[in-house]
Amino acid sequence: MGSSAKLKFPPGPPGGLRTWMTGPLKNGDPLGYFTGIARKYGDIAGLRILNFKIFLINHPDYIEDVLVNHPRKFIKGRILKANKRVFGDGLLTSEGDFWLRQRRLAQPAFHRARIAGYGATMVEYTERLLDEWRHGEERDLHKEMMRLTLQIVGKTLFDADVERDAHNVGKSLELLLELGADFRRTIFIPQWLPTPTNLRLELAIRRIEKVLYRIIADKRASGRDAGDLLSMLLAAQDEDGSRMTDKQLRDEAITLFLAGHETTANTLSWTWWLLAQDAAVEAKLHAELESVLGGRTPSLEDLPKLVYTSHVITESLRLYPAAWGTARTAIEDHEIAGYKVPRGSGVSFAQWTVHRDERWYDAPEEFRPERWEGDLMKRLPRFAYFPFGGGPRQCIGSNFALMEAALILATIAQKFRFRLVEGHPVVPLASITLRPRYGVRAVLESRPVRSGDADSDRKPQFSGQLPR
């Protein structure tokens, strides 16, 4: 990437605010928009919005160049910056030395040895949820997974019981994510402007803050170190002896509150939806669970043996990555594929698009956990699969999320399978995360514990088409 003669702005879709407002923003389909650009213009395309230039890159090598080779030349993009009232200066939005300090303070809570201790809690809360379920009931699996993972993150990261707050917090988070999908609002309407939408957003933020500030106050009053993330952040101090303020703690807590449960809930929701449509994959999953667990609850020690279970989650994250797209803003001049990227330009790339590129995956639109058997991961370019980002800003909780998803999947799949409610639309909403817009409604079906159950008699439901 070091050619001497730099090319001009790359070809791309028609520019201008009018085109942008009547295109992906009006139709609410950024997934289709970015997929179409990649197919038409290839590995790099240019987009202009007024005087703002955006470089859309679709090749793993170019993505690696930005995230790994030159991360200091780029900061987070405009969408996250526009949501700063939500996230404050937490790990998701902060930059530079301040971000590095916060990352170092939080990192010990996510060491493998520490998150291993969270496994029993994850299984315990999952079994508590299953005690409420009954054969033949119709439930929204997305809401169920959101409720479950909210309780888990409350206990494991904050050592707090958020059961009494789950309903209000869940509704508030849902509103935040719904409004985060409105790119017109986040880009063009300042959050301080008292519009009806912004007032709803502010109310949702304050509801979540009320819970978080209460947890912080309880922690400070108790003075007890439970070994959770919040205890670590409360105890941490700079060289001058100063500690984090309640506002700093709030910013880190709300980021982890959202990222720590929303992403796993989405991954599990899409996984249940995919499994419910593919009897063969579901039967293979059940056979592995019976062979390894034999009906008992899973533990952390079982995960290395649950290989196919891991492949199911990996494939679900390929098709429906919780972080569906990434944006950066250049703070120094750079060069990508021979094109000069001036300071102040945007650089965007979509996991959704790269993960479905036929150059890297055979039949990329199909749900095939078997594709991960063997050494596919080693043969792929490094950023042909990156559901948790990469480089210094890679998701701090990736191991936490993968362990949680595997343990929940194994615990639930042993006892229940799901029959999708006919006619209920399951479509992706590309918000801050990738979530099912209308949830995933399904009828609960109790499973026999033994492997010789009705899997072989079940008719395949998979239509061969995934929602786009």
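The table below lists the values:
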{"item": "Prolate/oblate/rounded label for the range 92-181 (Cα gyration tensor, a/c 1.5)", "result": "oblate"}
{"item": "Peptides ranked, highest mean first, by Cβ atoms within 10 Å: ranges 418-430, 274-286", "result": "274-286, 418-430"}
{"item": "Length released on extending from residue 213 to residue 200, taking residue separation times 0.36 nm less the Cα-Cα span", "result": "2.7 nm"}
{"item": "Other-chain or far-sequence residues with amide H under 5 Å of residue 49's (modelled H)", "result": "16, 54"}
{"item": "Share antiparallel - DSSP beta bridges, the chain, percent rounded to 5", "result": "90"}
{"item": "Calculated from backbone phi, Karplus (6.51, -1.76, 1.60) coupling profile of the range 270-278 in Hz, x at Gly/Pro", "result": "5, 5, 4, 5, 5, 4, 5, 9, 9"}
{"item": "Ranked packing of 287-297, 438-448, 84-94, most packed first, by mean Cβ within 10 Å", "result": "84-94, 438-448, 287-297"}
{"item": "Residues whose placed amide H lies under 5 Å from that of residue 341, excluding near-sequence neighbours", "result": "334, 335, 336"}
{"item": "Separation of the residue 220 and residue 127 label points, Cα + 7 Å toward Cβ, nm", "result": "3.8"}
{"item": "Greater than 21 Å apart at Cα, pairs in 8/53; 73/378; 76/155; 340/378; 84/340", "result": "73/378; 76/155; 340/378; 84/340"}
{"item": "Mean-position separation - Cα centroids, the range 324-355 and the range 37-65, in angstrom", "result": "7"}
{"item": "³J(HN,Hα) computed for each position of the range 282-297 - Karplus, 6.51 cos²θ - 1.76 cosθ + 1.60, integer Hz, glycine/proline x", "result": "4, 5, 5, 5, 4, 5, 5, 4, 5, 5, 7, 9, x, x, 7, 6"}
{"item": "Relative contact order [Cα under 8 Å, 6+ residues apart], the chain, whole percent", "result": "26"}
{"item": "Space enclosed by the convex hull of the alpha-carbon atoms of the chain, per residue, Å³", "result": "155"}
{"item": "Interchain or long-range residues, amide H under 5 Å from residue 388's placed H", "result": "none"}
{"item": "In order through the range 138-150: 3J(HN,Hα) via Karplus (6.51 cos²θ - 1.76 cosθ + 1.60), integer Hz, x for Gly, Pro", "result": "9, 9, 8, 5, 5, 5, 5, 5, 5, 5, 5, 5, 5"}
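Values in this text are rule-based calculations from the coordinates and carry no lab data. Keep in mind that what you see is a predicted model, and the values were worked out from it rather than measured. We place every Cβ from the backbone using ideal geometry, glycine too, and count neighbours over all the protein chains shown.
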